[in-house]
Amino acid sequence: MSVSGLVSVALFLLAATGVSSFSVTTSNANVRVKENDGTDLSCSYSADFGSDARVEWKFNDLKGSQVYVIYGGKPTSSYSGRVTMYKSNLRFATVTRRDNGVYDCEVSGNSQFVETRVKLTVLVPPSVPLCRVPPSVTTGKSAILSCHDKDGSPPPKYRWYKDGVPLPTEPNKISAFKNATYKLNPDNGNLEFPRTIKTDSGHYVCESYNDAGPAQRCKGGKMEIRDLNTGGIVAGVIVALLLVGLLVFGLWYANKKGYLPKAESKPKPSVVYQPTSMYGGGDEDDGDFKQKSSFVV
């Protein structure tokens, strides 16, 4: 069978099975460009959409929100003057680090809707990272050293140095670091010590790096691991007990000398006991006994 015959058969099978040939493609799905330079995001579609095909571009930032870049064939207000569309392609006059993200080219026509995706990475060299190193940690306690670079794009990775020596990400695989207790996360820049030991003392420096420019280091700082000062704790307890004792003695002495005001005591009500007469009745005084008659023998 000839080539034309095979094409005819293929088209017949597509029509018979209802499989659509509508397609939207890009010539570069991963665009990388330096900040403040211009760039193009390509998008092309098959003729099946018809002459009235509608093309729109949407931007999905790194935080998950989505906005229109091209709507109704024109740039939206936030992109006006900086973005244009020629044919179905998207052209940036300049890009900034805020343009980092994913762009969807959506084409609709003849009751069909198809899209393709382009990732744009704006290249920004690292800046000097912000490092936090605790100056003093008690032996056996945990410690976290942090490092962050807010400017680099793509997001930088991180390295830590102790006394000028680079710390490996997986110390257990290197004989010289098998006794190390730290955990290093190159993605977020944290250097964590679950339980510090005396040999963890040293001067620590962090470095941020990506492929957009030279790496940058922070000034860093010295971390000293100290043993628990039991002598100081005992001395503190003794001083506290002495102070309490002096306070109690002072209150006792002041009370003894009458320097403290005394609480006024209320007099108790007096109760008079009046016995009742064993001869009751009449107007006679119950408390006197008078002879009423004589006794003659």
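Summary of computed values
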read-out: Efficiency of FRET between Val67 and Val128 - r from beta-carbon atoms, R0 35 angstrom, step 0.05; value: 0.65
read-out: Efficiency of FRET between Arg32 and Thr169 - r from beta-carbon atoms, R0 30 angstrom, step 0.05; value: 0.75
read-out: For region 69-196, radius of gyration divided by Kirkwood radius, i.e. Rg to Rh on alpha-carbons; value: 1.23
read-out: Local electrostatic count, Met85, Cβ distance below 9 Å [Lys/Arg +1, Asp/Glu -1]; value: +3
read-out: Estimated inter-spin distance, Ala47 and Ser142, nm [label 7 Å along Cα→Cβ]; value: 6.6 nm
read-out: Per residue accessible area of region 73-190, 1.4 Å probe, in Å²; value: 55 Å²
read-out: Reference-scaled alpha-carbon Rg (2.2 N^0.38 Å with N residues) for region 142-182; value: 1.40
read-out: Exposure ranking of Met223, Met85 by accessible area [1.4 Å probe, largest first]; value: Met85, Met223
read-out: FRET E, pair Val244, Lys198, Förster distance 30 Å, beta-carbon r, rounded to 0.05; value: 0.25
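The values are calculated or read from the model by the stated rules, or taken from the named source; none is laboratory data. Just so you know, these numbers come straight off a predicted model, no measurement behind them. So basically every Cβ, Gly included, is an ideal-geometry build from the backbone, and we count neighbours across all protein chains shown. When the accessible area is computed, the model is the full protein with side chains, heavy atoms only, and any ligands, DNA or RNA have been set aside. Shrake-Rupley method; radii C 1.70, N 1.55, O 1.52, S 1.80 Å.
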